[in-house]
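**Student:** Have a look at the structure that comes next, please.
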Amino acid sequence: MAKRFSVSEYTDGVLSGNRVMLSRAITLVESTLPSDQALAQQVLDAVLPHAGRSVRVGITGVPGVGKSTFIEALGLHLVNTQGHRLAVLAVDPSSQRSGGSILGDKTRMNLLAAHPQAFIRPSPAGRSLGGVTRATREAMALCEAAGHDVIFVETVGVGQSETAVHSMVDFFLLLMLAGAGDELQGIKKGIMEMADAVTITKADGDNELASRRARREYQNALHLFPLAPSAWSPVVTTSSALTGAGVPEVWAIVERYVQQTQASGYFQRRRQEQNLHWLHETIRETLEAHFFARPEVQQHLPAVQQRVLSGQQSAFGAAAELLGL
């Protein structure tokens, strides 16, 4: 059984940048045990004044785009040449089905994982999207309190995870491939609209020409979308994690975005809106958990579900019945 520490031990360890204690604090906030959740909340309250001082970047991409390789290349640029302290977190609701987590991504980013200025945390296993995103937001606050001034939040699953990540970051980066059939490659229009920048990866060797062509096509496509509330026009670039070409330019775009949105006041406004969004999400999730934990609901739920399945009762009527218990 893992050793339990006091609130001050967790807090002091995190604030001193102790990687082991940071990992243990994240494990604590990921726990679903009521006693752990109560302790985790005290730790989060204690470190909160020291959180929020980072640039939060969401990164998503189509399968085969080389996301881990790109993240490692960009991450090494940040820690080696820019002097940043980087944390890489993941939102992977697909791990709920397999019961596993993205430990593979940590092993694929060997150099970055071993760097003293970087911290990589796989997604918690066996959790719903809501559970994963809550744990990721809290892990992000802990990493910021530990002195990490850049946070990458990577989406591993597909579907709603992009929307969840977009709602917790400052900048959203979409990685795409050139020459992979349909130029939108099944990416939903909504995900394209969320992107603050698109980079065409693997732009090297025989693929360089195709990547430049794809860049022009994506830039033209993005111009058709209405201007975002940030008043920022999305940028499309090409990059190669293999040669390093275009990787520093991606970070320069992030810096330009942060500078522009901080000057306009949008950056802080969006952070405040995100906090309110997560307040409402937490209330909803907590109410739902309390509702399903009630003994009378657990007793009646199987029979009610059976009536809905057989068409004897409407879903609306069944919900009203359970809520009235």
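**Student:** Quickly run through the stretch 78-104 and pick out the residues that are modelled with pLDDT of 95 or more and out of contact with any Gly (no Cβ under 8 Å at 6 or more places or on another chain).
**Tutor:** Listed by number, the residues that qualify are Leu78, Val79, Asn80, Thr81, Gln82, Gly83, His84, Ala87.
**Student:** Checking Gln313 against (1) under 30 Å from Leu177 (Cβ atoms); (2) part of a loop (DSSP other than H, G, I, E, B), which single condition isn't satisfied?
**Tutor:** (1)
**Student:** Mind checking which helices (runs of 4 or more DSSP H) fall wholly inside the stretch 1-80 and carry at least 1 residues that are within 17 Å of the chain's Cα centre (by Cα) and aliphatic (A, V, I, L, M)?
**Tutor:** It comes to 19-30.
**Student:** Among the numbered criteria (1) at pLDDT 85 or above; (2) outside any loop (DSSP other than H, G, I, E, B), which one does Ile191 miss?
**Tutor:** Of (1) at pLDDT 85 or above; (2) outside any loop (DSSP other than H, G, I, E, B), only one is false for Ile191: (1).
**Student:** For the stretch 241-255, check the following and say yes or no: at least one residue is surrounded by 17 or more Cβ atoms within 10 Å (Cβ to Cβ), within 29 Å of His77 (Cα to Cα) and of a type in the set (S, T, N, Q).
**Tutor:** Looking through the stretch 241-255, none of the residues is surrounded by 17 or more Cβ atoms within 10 Å (Cβ to Cβ), within 29 Å of His77 (Cα to Cα) and of a type in the set (S, T, N, Q).
**Student:** Still on this model: Within the stretch 1-30, how many residues turn out to be within 16 Å of Ala141 (Cα to Cα) and surrounded by 12 or more Cβ atoms within 10 Å (Cβ to Cβ)?
**Tutor:** Count: 20.
**Student:** Another question, if that's okay. I'd like the residue in the stretch 129-154 that is modelled with pLDDT under 95 and not hydrophobic (A, V, I, L, M, F, W, C) and, out of all such residues, is nearest to the chain's Cα centre (by Cα).
**Tutor:** Of everything passing the filter in the stretch 129-154, Glu154 is nearest to the chain's Cα centre (by Cα).
**Student:** Still on this structure: If the requirement is being at pLDDT 95 or above and not assigned by TED's automatic domain parsing to the domain that holds Met192, which of these qualifies: Val304, Val254, Val258? Can you show your working first?
**Tutor:** Numbers: Val254 fails: not assigned by TED's automatic domain parsing to the domain that holds Met192; Val258 fails: not assigned by TED's automatic domain parsing to the domain that holds Met192.
Result: Val304 is the single residue among Val304, Val254, Val258 that is at pLDDT 95 or above and not assigned by TED's automatic domain parsing to the domain that holds Met192.
**Student:** When you scan the stretch 43-59, do you find a residue that is β-branched (Val, Ile, Thr), at pLDDT below 95, in the same structural domain as Glu193 (by TED's automatic domain parsing) and open to solvent by 20 Å² or more (accessible area, probe 1.4 Å), even just one?
**Tutor:** Within the stretch 43-59 (the criterion being β-branched (Val, Ile, Thr), at pLDDT below 95, in the same structural domain as Glu193 (by TED's automatic domain parsing) and open to solvent by 20 Å² or more (accessible area, probe 1.4 Å)), the answer is no, since none of the residues qualifies.
**Student:** Something else about it: Residue check: is Ala118 at pLDDT below 95, among the small types (Gly, Ala, Ser) and crowded, with 17+ Cβ neighbours inside 10 Å? Walk me through it before giving the result.
**Tutor:** Working: at pLDDT below 95: no; among the small types (Gly, Ala, Ser): yes; crowded, with 17+ Cβ neighbours inside 10 Å: yes.
The answer is no for Ala118.
**Student:** Then there is this: Are there any pairs, at least 6 apart or on different chains, whose C-beta atoms fall under 9 Å, with the first in the stretch 228-256 and of a type in the set (Lys, Arg) and the second open to solvent by 30 Å² or more (accessible area, probe 1.4 Å), and if so, which?
**Tutor:** Close Cβ pairs satisfying both conditions: Arg256/Val235.
**Student:** Quick one: which of Thr261, Thr237 is among the β-branched types (Val, Ile, Thr) and farther than 16 Å from Ile59 by Cβ?
**Tutor:** Step by step, each of Thr261, Thr237 is checked, and only Thr261 is among the β-branched types (Val, Ile, Thr) and farther than 16 Å from Ile59 by Cβ.
**Student:** Would you confirm whether or not the stretch 293-304 contains a residue that is more than 30 Å from Pro229 (Cβ to Cβ) and in contact with a Lys or Arg (Cβ under 9 Å, 6 or more places away or on another chain)?
**Tutor:** No; the residues of the stretch 293-304 include none that is more than 30 Å from Pro229 (Cβ to Cβ) and in contact with a Lys or Arg (Cβ under 9 Å, 6 or more places away or on another chain).
**Student:** Considering each of Gly157, Gly126 in turn, give the residue that is in the same structural domain as Ile71 (by TED's automatic domain parsing), out of contact with any Leu (no Cβ under 9 Å at 6 or more places or on another chain), more than 27 Å from Gly17 (Cα to Cα) and at pLDDT below 85.
**Tutor:** Gly126
**Student:** In the stretch 260-293, what residues are among the β-branched types (Val, Ile, Thr) and under 29 Å from Leu322 (Cβ atoms)?
**Tutor:** Thr282, Ile283, Thr286 - these are the residues of the stretch 260-293 that are among the β-branched types (Val, Ile, Thr) and under 29 Å from Leu322 (Cβ atoms).
The values are calculated or read from the model by the stated rules, or taken from the named source; none is laboratory data. In this text the structure is predicted, and so the values were computed from the model without any measurement. Virtual Cβ from ideal backbone geometry, glycine too; neighbours counted across all protein chains shown. Each accessible area value is taken on the protein alone, full model and side chains, heavy atoms only, with ligands, DNA and RNA left out. Shrake-Rupley method; radii C 1.70, N 1.55, O 1.52, S 1.80 Å.
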